[in-house]
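K.L.:
One structure, as structure tokens, below. Some questions next.
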Amino acid sequence: MTYIHGHGHARANHATRTAADSAAFLLPHLTKDTRLLDVGCGPGTITRGLADRIVELGGSPGQVAGVDRTIDAPSSPSDPRFLRGDIYALPVPDDTMDVVFVSQTLHHLPDPVAAIRECARVLRPGGLFAIREVDYGAMTWFPPNPGITRWRALFTVVADLQGMQPNAGRHLPTWMERAEWSDYDVSASMWSYGTPSERQRFADSWIARTQEDHYRRHAARTLGDQPDGAAVREAIDQITTGWTQWRDTPGALFLMPHVEILARKAQKAQKAQKA
């Protein structure tokens, strides 16, 4: 998986995410016995929130594990387990998990269908597969701002060049069908940034991400320039100005939609009894 938009500051922003704001559609389905795998867990804050819910129901944190290619989540006996692994080759045996949760991960992948199939492998028959993905093309903001418009346009082209899908949310049902899933429900939810403190945190995060060398290299490739070239500087200056103007505008609003999937893995067919 290649991370596009500023790795360090993005990870810091991801550390503010919780099970309540990222997995509300899944929480009612957890029980004290649930064995759960959080794939692409990042800093592990959502993983811990899911474990906390299972503990509240009478289970233990050891029933929950988070998997990511880079693990920077400290652990203790009171925490879930954290495993280093790849979404295309999960370090988990077949048919062992009651729930597999994947959030904001598939849009970074060149082959999300293969990732869905691998997640299905580790899920027990009758287990629950929960996916939540953003849709960049459906994001909207007010007031209009050419800097933020360019931010989305640049990200979209970078993702296309990497073979990724920034509008993953709308593709989830199609990807499920291609992965040969038929029993699933679709829902949607929204993150909103409208209070002064929300605008400050959200805009400052994106401003910081655009200053990282990682982001500049991607922008340079997209614009046919060098990371310190004039075209890259001009684009990043316009994007930074746009986020600053939006952040400082009273009443400004940003809406980020997500599509959610809840899918049941088919039970294995019963072997025919001998006559």
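K.L.:
Is at least one residue of the range 21-30 modelled with pLDDT under 95 and either under 28 Å from Thr156 (Cα atoms) or open to solvent by 20 Å² or more (accessible area, probe 1.4 Å) (or both)?
P.N.:
Checking the range 21-30: at least one residue is modelled with pLDDT under 95 and either under 28 Å from Thr156 (Cα atoms) or open to solvent by 20 Å² or more (accessible area, probe 1.4 Å) (or both).
K.L.:
Continuing with this model, one more query. Here are Val134, Val158, Val186: which of them is buried (at least 16 other Cβ atoms within 10 Å of the Cβ), within 23 Å of Ala23 (Cβ to Cβ) and among the β-branched types (Val, Ile, Thr)?
P.N.:
Val134
K.L.:
With the requirement that a residue be in a helix (DSSP H, G or I) and either free of Cβ contacts under 8 Å to residues at least 24 places away in the same chain or more than 19 Å from Tyr136 (Cβ to Cβ) (or both), what does the range 224-239 give you?
P.N.:
Passing the criteria: Ala230, Ala231, Val232, Arg233, Glu234, Asp237.
K.L.:
Select from the range 240-258 the residues that are out of contact with any Phe, Trp or Tyr (no Cβ under 7 Å at 6 or more places or on another chain) and in a loop (DSSP other than H, G, I, E, B) and write down the one among them that is most open to solvent (accessible area, probe 1.4 Å).
P.N.:
Restricting to residues being out of contact with any Phe, Trp or Tyr (no Cβ under 7 Å at 6 or more places or on another chain) and in a loop (DSSP other than H, G, I, E, B), the top hit is Pro250.
K.L.:
Another one. Which condition from (1) in contact (Cβ under 8 Å) with a residue 40 or more places away in the chain; (2) assigned to a helix (DSSP H, G or I); (3) closer than 30 Å to Thr244 by Cβ is the one that Glu133 breaks?
P.N.:
(2)
K.L.:
Same structure again: When both residues are 6+ apart or on different chains and their Cβ atoms are under 9 Å apart, which pairs have a first residue that lies in the range 194-222 and is over 20 Å from Pro250 (Cβ atoms) and open to solvent by less than 20 Å² (accessible area, probe 1.4 Å), and a second that is among the basic types (Lys, Arg) and in a helix (DSSP H, G or I)?
P.N.:
If the second residue must be among the basic types (Lys, Arg) and in a helix (DSSP H, G or I), the pairs left are Thr210/Arg216; Tyr215/Arg209.
K.L.:
Please specify each residue of the range 172-183 satisfying the condition of being open to solvent by 30 Å² or more (accessible area, probe 1.4 Å) and not in a helix (DSSP H, G or I).
P.N.:
Correct list: Glu180, Ser182, Asp183.
The values are calculated or read from the model by the stated rules, or taken from the named source; none is laboratory data. None of these values were measured; they are calculated from a predicted model. Here the Cβ is made from the backbone with ideal geometry for all residues, glycine too, and neighbour counts use every protein chain on show. Remember, those area values only see protein heavy atoms, side chains included, never the ligands or the DNA or RNA. Shrake-Rupley method; radii C 1.70, N 1.55, O 1.52, S 1.80 Å.
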